[in-house]
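Visitor: Before anything else, here's the structure in question.
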Amino acid sequence: MPIWHKAKHISLGRIATVAGNIYTQDLDKTQANFQPQTPLSYLDWAASVYPNKTAVIHGDKTYTYTEFRDRCVRLASALHRRGVGLGDTVSFMSPNGPAMLEAHYGVPMVGAVLNALNFRLDASTISMILKHAETKVLITDREFSSVISAALEKVDHKIIVIDIDDPQANGGDLIGEMDYEALIGGGDPEFSWSMPTDEWQAIALNYTSGTTGNPKGVVYHHRGAFLNAMGDVVMGGLNRNTIYLWTLPMFHCNGWCFTWAVTSVAGTHVCQRNVVPAEIFVKIKKYNVNFMCGAPIVLNMMVHASADDKAQFDQQVEVITGGAAPPSTIISSMEKMGFNVTHMYGLTECYGPSTVCAWQDEWSDLPLDQKSALMARQGVRYPTLFAQAVMNPDTMTSVPADGKTMGEIMLQGNTVMKGYLKNPEATAEAFKGGWYHTGDIAVLHPDGYVEVKDRSKDVIISGGENISSLEVEETLYKHSEIMEAAVVARPDDKWGELACAFVTLKPFAAPVTDKDIMNYCRDQLAHFKVPKTIVFGPLPKTSTGKIQKFILRDRAKEL
């Protein structure tokens, strides 16, 4: 049995009560020997050690680490002058750019909490988040002014709105009281900001769809962000020569904590607003990019890009991907183009990646199909995660490492969220038995590697985005002609998964086509959540009337 499975039997509470030994006498925590862990320390280190090194590249703008730190401090100063302080929420609606990156430092420098919004969400969901988070300041890219304006109409408290007037934005109006550059221009680069006094202090708030249509606010603390960034460094092999291309949205678990990890080694952040294969290849070649992250769909887009869009480059590029495992053909095609693909697993509730398919040297000589099958597994825990297990959720006992017996992936450690904001019931449910219940069903292989087999939460992962099946079902049930509905994931080569809806129409219902239902859903949901396949007919049920989704999943695979 792997050592980390034995570790779970240790009672930390019992150990903590043992006192009176020689190592507890006159050995106290002081300012000299104890400081709260925080990723804010990474920026200060990088700017001190490599002040003139390129930190951020965005279009024709380049910032050194000194300039990057100064801009973050100016942001902190400007927020402080507007009354933002400990425990306040600052929301950002922005693609990958300097402002979003600076927010990961400037916002927590005043003790505030960064809420990076998913810019693909609809106005109704955005307004719910702004209200639930009690957002005090909203900094938004002009490209999203339309959805933000609609969202703000539904918010009943005052929010200070600041525009990001990025020249690369695709249209949009300026709706705020001032521009971001003017905001930080009025900030003081000598502003005396301070580190958190408690590493348990909140640093970020990220919303996840979970299992219902109402997103839950996942709260991160400074310690967890510090540690998971270190996990990225260790498992990704980042160093001062890392040139990181931002193809992964920074709003997604704070860029899987790479917003802090790249800075911790004084690497270079290369910003990318949109996932456009031609632009990705150009940046890889132009800036000598050697690291990037993204959902399998990003890899798929790059593999199938036209020959004119692809560029040749000499360096090997490390790629971290998550979500549904990429097909073996995608992995092999990426390798041929000069990319080395590593598969990771995680959730919003654990700061992004918590599990990595750590490479074993003996895999190198295996045939591609065998190697790809091993690489597609979710893998082993990050060294910064205390414990990971596959357990029977009813008995809370570990399943045998036979690669067959299924259980739920459970996690323990400092890189698990503080909990759900204003939702103690959901937090208690998630932490039942002293473990975080991921809701993902998996098997444990004899070599200690985990492989996800199903999602008990019925969350559909499409292009790296979570879609709540219950949210889509609720929308379908509101259709005047639909009697019953069930939504499951349908495998898709491009997106990983797509929503597939099985519906039963009401007796004597008016004629309804699949396109009618899709159009109806587009008016109610963000477009990526709209089912791309509609199947009409009776739904399979148990004797108690519960819809048998496992049967529908099997049917969806055949479509």
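The values are calculated or read from the model by the stated rules, or taken from the named source; none is laboratory data. Since this is a predicted model, take the numbers as computed values, not measurements. Because the Cβ atoms are built from the backbone with ideal geometry, glycine has one as well, and the counts that use them run over all protein chains shown. Surface accessibility is based on the protein's heavy atoms, side chains included, excluding ligands, DNA and RNA. Shrake-Rupley method; radii C 1.70, N 1.55, O 1.52, S 1.80 Å.
Visitor: ARG81 is checked against (1) under 17 Å from VAL270 (Cβ atoms); (2) surrounded by fewer than 21 Cβ atoms within 10 Å (Cβ to Cβ) and fails just one. What number does that condition carry?
Guide: Every condition holds for ARG81 apart from (1).
Visitor: Regarding THR30, is this residue open to solvent by 10 Å² or more (accessible area, probe 1.4 Å) and assigned to a loop (DSSP other than H, G, I, E, B)?
Guide: Answer is yes for this residue.
Visitor: Just to be sure, is LYS154 touching a strand residue (DSSP E or B) at 6+ places or on another chain (Cβ under 9 Å) and either modelled with pLDDT under 95 or open to solvent by 40 Å² or more (accessible area, probe 1.4 Å) (or both)?
Guide: It is false that LYS154 is touching a strand residue (DSSP E or B) at 6+ places or on another chain (Cβ under 9 Å) and either modelled with pLDDT under 95 or open to solvent by 40 Å² or more (accessible area, probe 1.4 Å) (or both).
Visitor: Among (1) touching a strand residue (DSSP E or B) at 6+ places or on another chain (Cβ under 7 Å); (2) crowded, with 17+ Cβ neighbours inside 10 Å; (3) farther than 24 Å from GLU349 by Cβ, which single condition is ASP514 missing?
Guide: Answer for ASP514: the failing condition is (2).
Visitor: With respect to the numbered conditions (1) surrounded by fewer than 22 Cβ atoms within 10 Å (Cβ to Cβ); (2) more than 18 Å from the chain's Cα centre (by Cα); (3) not in a strand (DSSP E or B), which one is the sole condition not fulfilled by PHE144?
Guide: Condition not satisfied by PHE144: (1).
Visitor: Can you name the number of the only condition in (1) in a helix (DSSP H, G or I); (2) crowded, with 16+ Cβ neighbours inside 10 Å that ASP523 fails?
Guide: (2)
Visitor: Still on this model: Taking helices (runs of 4 or more DSSP H) that do not extend beyond segment 215-284, which have at least 3 residues that are open to solvent by 10 Å² or more (accessible area, probe 1.4 Å), aliphatic (A, V, I, L, M) and at pLDDT 95 or above?
Guide: Filter on segment 215-284 gives 222-236.
Visitor: Which of the following residues is on the phi > 0 side of the Ramachandran plot and either without any contact (Cβ under 8 Å) to a residue 60 or more places away in the chain or of a type in the set (Phe, Trp, Tyr) (or both): GLY434, GLY463, GLY439?
Guide: Going through GLY434, GLY463, GLY439 in turn, the sole match is GLY434.
Visitor: Scanning segment 197-214 for residues that are small (Gly, Ala, Ser) and assigned to a loop (DSSP other than H, G, I, E, B), which turns out farthest from PRO277 (Cα to Cα)?
Guide: GLY213
Visitor: Which residues, counting only those in segment 170-184, are touching a residue at least 60 places away in the same chain (Cβ under 8 Å) and in contact with a strand residue (DSSP E or B) (Cβ under 9 Å, 6 or more places away or on another chain)?
Guide: Once the filter is applied, which keeps residues that are touching a residue at least 60 places away in the same chain (Cβ under 8 Å) and in contact with a strand residue (DSSP E or B) (Cβ under 9 Å, 6 or more places away or on another chain), segment 170-184 yields TYR180, LEU183.
Visitor: Which one of these is of a type in the set (Asp, Glu), touching a residue at least 24 places away in the same chain (Cβ under 8 Å) and either in contact with a Phe, Trp or Tyr (Cβ under 9 Å, 6 or more places away or on another chain) or open to solvent by 30 Å² or more (accessible area, probe 1.4 Å) (or both): ASP88, ASP60?
Guide: Sole residue among the options that is of a type in the set (Asp, Glu), touching a residue at least 24 places away in the same chain (Cβ under 8 Å) and either in contact with a Phe, Trp or Tyr (Cβ under 9 Å, 6 or more places away or on another chain) or open to solvent by 30 Å² or more (accessible area, probe 1.4 Å) (or both): ASP88.
Visitor: What do you reckon, is LYS371 farther than 30 Å from LYS216 by Cβ, of a type in the set (Lys, Arg) and surrounded by 14 or more Cβ atoms within 10 Å (Cβ to Cβ)?
Guide: yes
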